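Each remark here refers to the structure printed beneath this line.
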Amino acid sequence: MQPPAGTPQDRRSGDLQDRRSGDLQDRNRRDRIRPPATTGAAAVHLRGASTAEEDDGRDALHILPLSILPLETPGLRRARLIKNVRLETVAELFNDAQTGSGQIGLDQLSKCFGIDGPELRRDLRKIVRIGEAASFDVYSLRLELRRLNIDVEGADALRLSAAKRAELTSYMRVFTRPLVEHVYGVQGADIASMDELVRLFAQPDLEEARRRLQMTADRLDIPLQEIPAFLEEYADIFLSLAYFKRCLDDIVPDVQGFLGWMAELFQVSEVRRDVRQRRMLDEIGHDLTDIATSITGRFESFDNRSRDFWRDINPESFRSIRDLIVTHHLTIGGVLCGLAVKMNLWKHRFARGGGPVRRLEFIRSEILPGLAHIKTIEQASRNNMGR
């Protein structure tokens, strides 16, 4: 079992050469961004999620509570999968302020539980496949779990919590405003949420609104009574975009703060004298800036495509933007998850400052591993935006 996060043992570097060798092997595995294959078995259903801890997990990029999965081994349901700072998936058995985070590799789960029956083996195969996901956000997990033939339709466990949806209301207005104005005109601009919008469109109370709604249905080539179902799909697609945009808005200031914190090391005499250290810091700074700039540009492209949809609403334009956003769920989630895990650890480790030697060791051992992988995902996805 790994030592609790934040302890002195956790902060020691250990054998750097072994760690770099292991990171190279891990990177080779992670660079295959391959969704898990289907099992071919009959569909199984997710469990519901209702606790506060599960709400926190489903709102996060890097956490998957195993309690939501249809596992046969009761003890496993008390654990959760997390992404560590090296972007590896590990099982977290406990986490609190006193004892820290108890993490083990997925290959150690059977030894930890001391059993080796067919039920545990089936559960572990499922967990290992899900662990290959680049992110554990609910939108990426829907795609991954469908490939495992796990039924995700109607599963509350794979929807953002009510608190998170309410938090995203201001982000959703960007996407709901053109929809409301398309049917209700500017007088509908005070509608606060997508739930309210769906209810409003299900029972339009204005003759002009009903007429425009019928025009919208005609242009989408669907019956008028299917408009609420279309709106629910529209809402979910753009709620995912709002969720990722909020994550991005939280992460970018952290990246900028980290870059400024790292730049202070260039004034340290040890770094000024060591060209290799300066080169490492330069490359990390360039990569982080490139990743943040690129993914911000991706969201600007999504915004432009959504505006184009309302200028020329038709079945093809909706399918095009829906497929575009869904196609990018996995890569957006992977990039944001990687950045969030690294920035969160940086803020935790250095909340009370830290000397240059400790900073350099942290950058070398915790920020550098996996950063090239994040950059590769983002560059490839950015190049495919128009396709």
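The values are calculated or read from the model by the stated rules, or taken from the named source; none is laboratory data. Predicted model, so just to flag it, every value in this text is computed and none were measured. So basically every Cβ, Gly included, is an ideal-geometry build from the backbone, and we count neighbours across all protein chains shown. Quick note on the areas: whole protein, heavy atoms, side chains included, nothing else; ligands and nucleic acids left out. Shrake-Rupley method; radii C 1.70, N 1.55, O 1.52, S 1.80 Å.
Of all residues in the range 110-160, those that are open to solvent by 30 Å² or more (accessible area, probe 1.4 Å), among the polar types (S, T, N, Q) and touching a strand residue (DSSP E or B) at 6+ places or on another chain (Cβ under 8 Å) total 1. Tell me yes or no: at least one residue of the range 373-380 is among the acidic types (Asp, Glu) and surrounded by 13 or more Cβ atoms within 10 Å (Cβ to Cβ). Yes, the range 373-380 contains at least one residue that is among the acidic types (Asp, Glu) and surrounded by 13 or more Cβ atoms within 10 Å (Cβ to Cβ).
The residue of the range 52-109 that is most open to solvent (accessible area, probe 1.4 Å), among those that are of a type in the set (Lys, Arg) and more than 22 Å from GLY334 (Cβ to Cβ), is ARG78. Screening the range 186-209 for residues that are farther than 30 Å from SER161 by Cβ and modelled with pLDDT of 65 or more and picking the one that is most open to solvent (accessible area, probe 1.4 Å) gives GLU207. Taken as a whole, the structure places LEU339 among residues that are assigned to a helix (DSSP H, G or I) and open to solvent by less than 30 Å² (accessible area, probe 1.4 Å).
In this structure, LEU330 does not qualify as more than 24 Å from GLU144 (Cα to Cα), within 17 Å of the chain's Cα centre (by Cα), in contact (Cβ under 8 Å) with a residue 60 or more places away in the chain and surrounded by 17 or more Cβ atoms within 10 Å (Cβ to Cβ).
Condition test on SER317, is it modelled with pLDDT of 90 or more, small (Gly, Ala, Ser) and either open to solvent by 40 Å² or more (accessible area, probe 1.4 Å) or part of a helix (DSSP H, G or I) (or both)? So SER317 does not fit the description; no.
Screening the candidates ASP55, ASP59 for the property of being at pLDDT 90 or above, within 21 Å of LEU158 (Cα to Cα) and not small (Gly, Ala, Ser) yields one hit, ASP59.
Inside the range 65-176, counting only helices (runs of 4 or more DSSP H) that do not spill past its ends, which hold 3 or more residues that are within 30 Å of ARG307 (Cα to Cα)? Of the helices (runs of 4 or more DSSP H) lying wholly inside the range 65-176, those with at least 3 residues that are within 30 Å of ARG307 (Cα to Cα) span 138-147, 162-167.
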